[in-house]
Amino acid sequence: MNDMVLQQALSSCSIMASPQDCQKLVRFANELVKWNMIMNLTSITEESDIIRKHFIDSLLPITYSGFITKNARIIDIGSGAGFPGIPIALLRPDVHVTLLDGNLKRTKYLNAVTRELELVNTAVVRGRAEEIGHDIVYREQFDIAVSRAVASLPTLVEYSMPFLKMNGRALLWKGPNVYNELIGGQSAAAVMGGIVDEPVLLVHQEYQSTRYIVSVRKITKTDGRYPRRPGIPEKRPLIMQGE
């Protein structure tokens, strides 16, 4: 991957990255491809697709005013291959990003990559959101929760709200069918002490990147019963009356 080509691609999407930033993103891409040969991290390995579907997709929210606030503490829930957390940490050295994943092999990969990239503004935590969300070390300690995890909006709301400080914000990546999940997400947010803002469409035609970001603001304290035990938020998403 050519760092100048990457810089031009990011710039065309109004994502400002220095040559040094792009060099680190290229190193990240190389590490991703290398590790992907020994473990299943992503099906996206072509250079152009990594740029479009991983880097641009992860970084579009930093172009939106008020989403990634200065000096924010961020938790990336279900970080997986490191998206969106690692690109955000690379381009925003003022923030601190905790990469949360429940899989031992993936957390080993995340630790290795963040060391290789000398990302001093990251930490890696192994565990499920349903369990770590009850740990006082992490509960209500973050300004922002992000997730590109493949889960329904109500499930992601239950995962993310316990981690947030009062007035914190969850930024949840969703595709074109977001409005099919919105009522359920609003119901879950009402139970979890949050309120769902109108989804923000972030689009760049040249790279065919269409992404909705659902912002969920925490306005009241989350009940200590939540999140529910592992597996339940996905099997039985919260509805209006709660559980």
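The values are calculated or read from the model by the stated rules, or taken from the named source; none is laboratory data. Since the model is a prediction, treat every value here as computed from it, not as a measurement. As a convention, Cβ positions derive from the backbone with ideal geometry for all residues, glycine included, and neighbour counts pool all protein chains shown.
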Inset, instruction - Out of the residues in segment 100-121 that are without any contact (Cβ under 8 Å) to a residue 40 or more places away in the chain and assigned to a helix (DSSP H, G or I), state the one that is farthest from G85 (Cα to Cα). - result: L104
Inset, instruction - Taking the residues in segment 61-73 that are within 17 Å of A145 (Cβ to Cβ) and not in a loop (DSSP other than H, G, I, E, B) as candidates, determine which candidate is modelled with the highest pLDDT. - result: R73
Inset, instruction - Search segment 66-113 for residues being charged (D, E, K, R) and more than 26 Å from E158 (Cβ to Cβ), and hand back the single one that is surrounded by the most Cβ atoms within 10 Å (Cβ to Cβ). - result: R92
Legend entry - Criterion: of a type outside the set (D, E, K, R), in contact with a helix residue (DSSP H, G or I) (Cβ under 6 Å, 6 or more places away or on another chain) and within 25 Å of R225 (Cα to Cα) - qualifying residue of I77, I136, I132, I144: I77
Legend entry - Number of the condition not met by A151 [criteria: (1) touching an Asp or Glu at 6+ places or on another chain (Cβ under 9 Å); (2) modelled with pLDDT of 95 or more; (3) hydrophobic (A, V, I, L, M, F, W, C); (4) in a loop (DSSP other than H, G, I, E, B)]: (2)
Inset, instruction - Can you run down the residue pairs with Cβ atoms below 6 Å, 6 or more apart or on separate chains, where the first is in segment 136-152 and closer than 9 Å to A170 by Cβ and crowded, with 19+ Cβ neighbours inside 10 Å and the partner is among the small types (G, A, S) and modelled with pLDDT of 95 or more? - result: I144/A72; A145/S160; A145/A170; S147/G78
Inset, instruction - May I ask you to verify whether Q8 is in a helix (DSSP H, G or I), surrounded by fewer than 19 Cβ atoms within 10 Å (Cβ to Cβ) and in contact with a helix residue (DSSP H, G or I) (Cβ under 9 Å, 6 or more places away or on another chain)? - result: no
Legend entry - Check on V191, out of contact with any strand residue (DSSP E or B) (no Cβ under 6 Å at 6 or more places or on another chain) and part of a loop (DSSP other than H, G, I, E, B): no
Inset, instruction - Could you tell me whether segment 166-176 includes any residue that is closer than 19 Å to H54 by Cβ, of a type in the set (K, R) and buried (at least 18 other Cβ atoms within 10 Å of the Cβ)? - result: yes
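Give segment 30-85 a look and list any residue that's among the polar types (S, T, N, Q) and more than 12 Å from the chain's Cα centre (by Cα), or say none.
N30, N36, N40, T42, S43, T45, S48, T63, S65, T69, N71
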Inset, instruction - Among the numbered conditions (1) part of a helix (DSSP H, G or I); (2) within 18 Å of W173 (Cα to Cα), tell me where F28 comes up short. - result: (2)
Legend entry - Selection count, segment 37-69, where residues are over 20 Å from N2 (Cα atoms) and of a type outside the set (A, V, I, L, M, F, W, C): 9
Legend entry - A89 vs. criteria touching a Ser or Thr at 6+ places or on another chain (Cβ under 8 Å), in a strand (DSSP E or B) and either farther than 23 Å from G231 by Cβ or not hydrophobic (A, V, I, L, M, F, W, C) (or both): no
Legend entry - Any hit, segment 18-37, residues being within 29 Å of V157 (Cα to Cα) and loosely packed, with under 14 Cβ neighbours inside 10 Å: no
